[in-house]
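Here the structure comes first, spelled out in structure tokens, and everything after it is commentary.
The values are calculated or read from the model by the stated rules, or taken from the named source; none is laboratory data. Remember, predicted model here, so these are calculated numbers, not experimental data. In this analysis, Cβ positions are derived from the backbone assuming ideal geometry, glycine residues included, and neighbour counts consider all displayed protein chains.
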Amino acid sequence: MNKKVKILSTGHYVPPKVLTNFDLEKMVDTSDEWITTRTGIKERRIVEPNISSSDIAAEAARNCLNKVNIDINEIDTIIVATITPDMFFPSTACIVHKKLGGKNEPAAFDISAACSGFIYGLTLAEGLIRNGKSKNLLLIAADVLSKFTNWKDRNTCVLFGDGAGAMLLSATDDEEDAILSTYLGADGNYDELLYIPAGGSKMPATIETVEKSLHTIFMSGKEVFKVAVTKMVEAANKACELAGITTGQIDLLIPHQANLRIITAVGDRLGIPQDKVFVNVDKYGNMSAATVIVGLDQAISNGRVKKGSIVELVAFGGGFTWGATVIKL
Ligand code: UT7
């Protein structure tokens, strides 16, 4: 059994509330000028306090499924890539199944690969479809990092935004293959350069962990920056090699959107002209796992890519994890 994989639809959702750099100027010792020149970010979207990952994941999934008029009950597998699950269990994927009104009994589970989560999920999705375990698979990436941000820490609070994206993949015998390659990597030796120290089994919540803000993101920005550029370039090159193409054949590169300087450096080192490098970090900041799929859905919606386009997604995140995929729309 070696099925081909078809991308039937994509979708996304970002919450309506906009938090601008000028808003942040009133919250921490920062400036629009610093944030813009160091990161390229001008604004980001933030969920209301009563909204969780499953809410925005369900919105993105609805947007994706509605475009092709497919009902949740036709889906046999739901994967949610998130590092901000609603709770430890049940999985956010199960909660999304309920929120979408599912009455069928699909496989449903979450995966954790930080900002690389969508590409990790796509690799799993590809495997499940190719070997006949899944016919219609809904892959969602959703993160609400605003809930795990220390709003007093200017080093991190200016960087992240909330968002969700979805992709519907299906098995096909007769169509051209959509996934030309995927490539994943990780190095756990960098675990404490970008992480949330408390809240898991190592350091469950106590008054002390809350007082020390240990349930929020800690990042050593400069170190992360260097490895991010190196590993995204390596992964992007590797995925092209596996797909049997050169970077010159890519119609659009959609890199993880953590920092405009990283995005530009990755494009330059790959020899891809900047007009073929997707950027939305100015409007949304770093949406973690959701970033690359939101970018892809926007690029499709605004006609920047179309049927037949070759698109490469590349991401890097906490773990460290990284990954890249070459797809043909
Ligand atoms: O999604 C996972 C991947 N994440 C990333 O890839 C993030 C990678 N890192 C970065 O994007 C950058 O390292 C940052 C944007 C986080 C920081 O930029 P930087 O150019 O590396 O700045 P820095 O950390 O070296 O800080 C330079 C200065 C420091 O002041 P001193 O020590 O030189 O006096 C910081 O305290 O800028 C200061 N600073 C700020 N100033 C105003 C740090 N954050 C801010 C801020 N506003 N928000």
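Observations, loosely collected:
- Any pair with Cβ under 7 angstrom, 6 or more apart, that starts in region 102-128 at a residue that is under 22 Å from residue 3 (Cα atoms) and ends at one that is within 14 Å of the ligand (Cβ to nearest atom) and in a loop (DSSP other than H, G, I, E, B): 120/113
- Residues that are within 16 Å of the ligand (Cβ to nearest atom) and crowded, with 22+ Cβ neighbours inside 10 Å occur in region 235-242; there is at least one.
- Test: residue in region 274-286 that is surrounded by fewer than 19 Cβ atoms within 10 Å (Cβ to Cβ) and farther than 23 Å from residue 42 by Cα: no
- Candidate set: region 299-329, residues that are of a type in the set (A, V, I, L, M, F, W, C) and in contact with a Gly (Cβ under 7 Å, 6 or more places away or on another chain); chosen: the one nearest to residue 250 (Cα to Cα): 329
- Count of residues meeting criterion [crowded, with 22+ Cβ neighbours inside 10 Å and either farther than 17 Å from residue 308 by Cβ or away from the ligand (no atom under 16 Å from the Cβ) (or both)] in region 251-262: 7
- Checked against (1) under 30 Å from residue 224 (Cβ atoms); (2) buried (at least 20 other Cβ atoms within 10 Å of the Cβ); (3) of a type outside the set (Lys, Arg), residue 108 meets all criteria but (1).
- For residue 63, the criteria (1) over 14 Å from residue 290 (Cβ atoms); (2) surrounded by 17 or more Cβ atoms within 10 Å (Cβ to Cβ) hold in every case but one, which is (1).
- Residues in region 159-202 that are in the same structural domain as residue 233 (by TED's automatic domain parsing), more than 30 Å from residue 130 (Cβ to Cβ) and either among the hydrophobic types (A, V, I, L, M, F, W, C) or not in a loop (DSSP other than H, G, I, E, B) (or both): 189, 190, 191, 192, 193, 194, 195, 196, 198.
- Taken as a whole, the structure places residue 54 among residues that are buried (at least 24 other Cβ atoms within 10 Å of the Cβ), out of contact with any Pro (no Cβ under 6 Å at 6 or more places or on another chain) and either small (Gly, Ala, Ser) or assigned by TED's automatic domain parsing to the domain that holds residue 20 (or both).
- Within region 203-234, being assigned to a loop (DSSP other than H, G, I, E, B), more than 21 Å from residue 154 (Cβ to Cβ) and in contact with a helix residue (DSSP H, G or I) (Cβ under 7 Å, 6 or more places away or on another chain) holds for one residue alone: 203.
- Any hit, region 176-194, residues being within 16 Å of the ligand (Cβ to nearest atom), under 30 Å from residue 71 (Cβ atoms) and out of contact with any Phe, Trp or Tyr (no Cβ under 6 Å at 6 or more places or on another chain): no
- Helices (runs of 4 or more DSSP H) wholly inside region 4-67 containing at least 3 residues that are in contact (Cβ under 8 Å) with a residue 60 or more places away in the chain and under 19 Å from the mean Cα position of the chain (by Cα): 53-67
- Restricting 280, 286 to residues that are outside the structural domain of residue 166 (by TED's automatic domain parsing), free of Cβ contacts under 8 Å to residues at least 60 places away in the same chain and closer than 19 Å to residue 14 by Cβ narrows the list to 280.
- Flag set for residue 296, criterion: at negative phi, of a type outside the set (D, E, K, R) and more than 16 Å from the ligand (Cβ to nearest atom).
- Once region 82-101 is narrowed to residues that are touching a residue at least 40 places away in the same chain (Cβ under 8 Å) and of a type outside the set (Lys, Arg), the residue that is nearest to residue 63 (Cα to Cα) is 100.
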